[in-house]
Structure formats: structure tokens, C-alpha cells
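Trainee: This is the structure I have questions about; it appears just below.
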Amino acid sequence: MKQFLAIIRGAPASGKTTIAEQLRSFEKKIAWLKVDNFKDFFSGEASLTEQKYVDESALAVLEYLLDSGFSVVMEKIFFDPFIISLAVAAAEKRDIPVRVFQIECSLKTLQERDRNRPGIKEGCRKPLGDEAVERIYNQLEATFLKNAISLDTEKLSAEECVEKILGSFENKVNG
């Protein structure tokens with residue numbers, strides 16, 4: 001498969017990480033760019049001011065990975081979707097096909113998943129809480145990207161989402 005950029009946007013506990021983990025493969029040169037990992041470079045919870053640096057750091061790494069021949073699966077909540085257009089432009093500048101995927105999932109399911117995420121029972125992480133999940137969910141619904149490809153993680157398994165993502169690029173390359 002030729003090089004690509006897949007951008008996955010979704011609420012907390014929607015399945016972004018699970019899908020991205022299944023897509024990454026060093027042997028196939030597919031890297032997982034988890035944008036939120038850059039928060040720790042600046043602080044535990046990035047403020048709006050810090051978020052600018054988080055996003056710019058992720059974009060610099062995206063460009064490095066693309067220039068190194070990797071396909072990239074970039075995932076984040078993307079509360080403010082502005083960075084998505086910059087990532088798309090970076091791929092298009094290099095003639096690399098890009099698709100944006102937006103995960104759809106009901107608020108009730110997201111809240112339930114948030115309470116039962118890996119690490120919560122073990123005490124390694126705390127749930128965000130129903131109010132925080134609802135606030136993020138409402139923001140994503142208000143800024144839903146019209147041209148994004150929907151991934152309904154209530155109806156599709158992670159494996160089916162991976163197939164849908166990879167299939168979208170195969171159709172573009174072959175058709």
C-alpha cells in the first residue's frame with residue numbers, strides 16, 4: 001500500500017486509540033501519532049495557550065514521518081479542528097492521500113466506556129467524568145466535519161474500522 005495520512009477525530013473513550021494501535025506497524029511503515037502525548041512536554045493538562053505548542057509539535061513530527069516515508073495515523077479529540085487543515089495541507093503538499101475520519105458514538109456509550117476504560121479499575125487512571133465527556137461530545141457535535149468519513153464504533157468493531165480506513169486508501173490508489 002502506498003503512503004497515506006489517516007486523521008481520526010473522536011470523543012474520549014470513542015475508540016481512537018484502539019483503532020490507531022491496530023493500524024500501526026513498523027514493518028508496513030505505518031506510524032501512530034497520538035497528538036495528546038505531546039501535552040506532557042509542556043504540562044499535564046495543556047491550556048489553550050499550551051495547546052498551540054502541542055499541535056505545532058505534532059505537526060513537526062507529522063512532517064518528519066511523512067518525509068521519512070511513513071504512513072501516519074494521527075489521532076486526537078481535536079476539540080478545535082483547526083490543526084486538521086494544517087495536517088491535511090502537509091500531506092497534500094507531499095502528494096500523499098489523506099482522509100479524515102470522525103468517530104460517532106452516543107453520549108451514553110461514551111460515558112459508560114469512560115467509567116470502564118483500561119487502567120481505571122487498577123487505579124492507574126481516573127475517568128474524566130460524565131460532565132467532561134458531555135462537554136467534549138457537545139463540542140465535537142457542534143464542529144462535526146462535513147467531509148469526514150464516519151466510523152460508528154457502536155456498530156463497527158475496531159477491526160472493521162481498521163478495514164474501512166485501509167479500504168478508503170486502497171480505493172483511492174487503485175481507482
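Trainee: Considering the range 1-11 alone, what residues qualify as being assigned to a loop (DSSP other than H, G, I, E, B) and crowded, with 21+ Cβ neighbours inside 10 Å?
Mentor: Listed by number, the residues that qualify are Phe4, Gly10, Ala11.
Trainee: Which residue, of Leu66, Leu5, Leu48, is in contact (Cβ under 8 Å) with a residue 60 or more places away in the chain and more than 19 Å from Ala148 (Cα to Cα)?
Mentor: Of the residues listed, the single one that is in contact (Cβ under 8 Å) with a residue 60 or more places away in the chain and more than 19 Å from Ala148 (Cα to Cα) is Leu66.
Trainee: From the list Asp95, Asp152, exactly one residue is at pLDDT 95 or above and at positive phi. Which is it?
Mentor: Asp95
Trainee: I'd like the full set of residues that are within 17 Å of Thr18 (Cβ to Cβ), aliphatic (A, V, I, L, M) and over 16 Å from the mean Cα position of the chain (by Cα), limited to the range 84-122.
Mentor: Across the range 84-122, the qualifying residue is only Ile120.
Trainee: Okay, next question. For the range 63-84, name all the residues that are assigned to a helix (DSSP H, G or I) and either farther than 19 Å from Phe42 by Cβ or modelled with pLDDT of 95 or more (or both).
Mentor: Correct list: Glu63, Tyr64, Leu65, Leu66, Asp67, Ile84.
Trainee: Right, next: Taking the range 97-124, which residues are β-branched (Val, Ile, Thr) and surrounded by fewer than 16 Cβ atoms within 10 Å (Cβ to Cβ)?
Mentor: Of everything in the range 97-124, those that are β-branched (Val, Ile, Thr) and surrounded by fewer than 16 Cβ atoms within 10 Å (Cβ to Cβ) turn out to be Thr109, Ile120.
Trainee: Look through Ala60, Ala31, Ala87 and report the one residue that is in contact (Cβ under 8 Å) with a residue 24 or more places away in the chain and part of a helix (DSSP H, G or I).
Mentor: Ala87
Trainee: What single numbered condition from (1) out of contact with any Pro (no Cβ under 9 Å at 6 or more places or on another chain); (2) buried (at least 19 other Cβ atoms within 10 Å of the Cβ); (3) modelled with pLDDT of 95 or more fails to hold for Phe38?
Mentor: (3)
Trainee: In the range 34-57, which residues are outside any helix (DSSP H, G or I) and under 30 Å from Lys2 (Cα atoms)?
Mentor: Lys34
Trainee: Name, by its number, the condition in (1) assigned to a helix (DSSP H, G or I); (2) closer than 19 Å to Val35 by Cβ that does not hold for Arg117.
Mentor: Only one criterion is unmet by Arg117, namely (1).
Trainee: Out of the range 62-87, which residues are surrounded by fewer than 17 Cβ atoms within 10 Å (Cβ to Cβ) and among the hydrophobic types (A, V, I, L, M, F, W, C)?
Mentor: Phe79, Phe82, Leu86
Trainee: Report, by residue number, each residue of the range 104-142 that is touching a Phe, Trp or Tyr at 6+ places or on another chain (Cβ under 9 Å) and farther than 16 Å from Glu154 by Cβ.
Mentor: Ile136, Gln139
Trainee: Next up: Kindly indicate which of Lys29, Lys52 is in contact with a Gly (Cβ under 9 Å, 6 or more places away or on another chain) and of a type outside the set (Asp, Glu).
Mentor: Only one candidate passes the filter, namely Lys29.
Trainee: Any residue at all in the range 125-139 that is part of a strand (DSSP E or B), touching a residue at least 60 places away in the same chain (Cβ under 8 Å) and aromatic (Phe, Trp, Tyr)?
Mentor: No, there is no match, as no residue in the range 125-139 is part of a strand (DSSP E or B), touching a residue at least 60 places away in the same chain (Cβ under 8 Å) and aromatic (Phe, Trp, Tyr).
Trainee: Going through the range 12-28 one residue at a time, which ones are among the polar types (S, T, N, Q) and outside any helix (DSSP H, G or I)?
Mentor: Answer for the range 12-28, where residues must be among the polar types (S, T, N, Q) and outside any helix (DSSP H, G or I): Ser14, Ser25.
Trainee: If we keep just the residues of the range 19-35 that are among the aliphatic types (A, V, I, L, M) and modelled with pLDDT of 95 or more, which is farthest from Phe169 (Cα to Cα)?
Mentor: Leu33
The values are calculated or read from the model by the stated rules, or taken from the named source; none is laboratory data. Here the structure is a predicted model, which is why all the values come from computation and not from measurement. Positions of Cβ are backbone-derived with ideal geometry, glycine not excepted, and every protein chain shown enters the neighbour counts.
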